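What follows draws every value from the coordinates through simple rules; no lab data is involved. Small disclaimer: the values here were computed from a predicted structure and weren't measured. For neighbour counting, all protein chains shown are included, and Cβ atoms are generated from backbone atoms with ideal geometry for every residue, glycine included.
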Amino acid sequence: MSDAHGATGDAKAARPAAWRRWLGIVLRTAHLAAVTVLGAALLAIECADGRIRLLELAGTVALAKLVLAAWMVIVPAHAAALFWILLVASALSSHAPRALRHWRPGSRARTGANGRPR
């Protein structure tokens, strides 16, 4: 009987050649490194343009995401869990209300004329 990936469960199933395994490892590492480098570049541009500040929640989350992406490269055994943490953190932080994204610890939320957060 085969599983979802088409494997039969047979102990004699062919394994990919060692070079293909290493190629996969190199490509995964390069992908994560590129995401980290591009993420850092994007963060630098957004900081320079004033769209994000490192002491605001959005800036802190962006830095934390870069650290977690680098951690995925350094400790591949944790990659699956870190991926899901990154995915959830990205979704929550990017879709949070503006007042929350730009919140600074120790500061009050800015409100508009109607008393609602801006």
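Residues ARG101, ARG21, arranged from fewest to most other Cβ atoms within 10 angstrom of their Cβ, appear as ARG21, ARG101. Computed from the C-beta positions of VAL88 and VAL67 and an R0 of 25 Å, the FRET efficiency is 0.95 to the nearest 0.05. When the Debye formula is applied to the Cα atoms of the stretch 10-73, each taken as the same point scatterer, what base-10 log of I(q)/I(0) results at q = 0.22, 0.28 Å⁻¹? Taken in order of the listed q values, log10 I(q)/I(0) reads -0.88, -1.10. The label point for ALA41 and the one for HIS95, both projected 7 Å from the Cα toward the Cβ, are 2.9 nm apart.
Neighbour counts of other Cβ atoms within 10 Å put THR36, THR29 in the fewest-to-most order THR29, THR36. Applying the Karplus relation 6.51 cos²θ - 1.76 cosθ + 1.60 with θ = phi - 60° to the stretch 47-61 yields 3J(HN,Hα) values of 5, 5, 7, x, 7, 9, 10, 5, 8, 8, 4, 4, x, 5, 5 Hz, where x marks Gly and Pro. Rounded to the nearest 20, the Cβ-based charge dipole of the stretch 20-101 about its Cα centre (Lys and Arg +1, Asp and Glu -1) stands at 240 debye.
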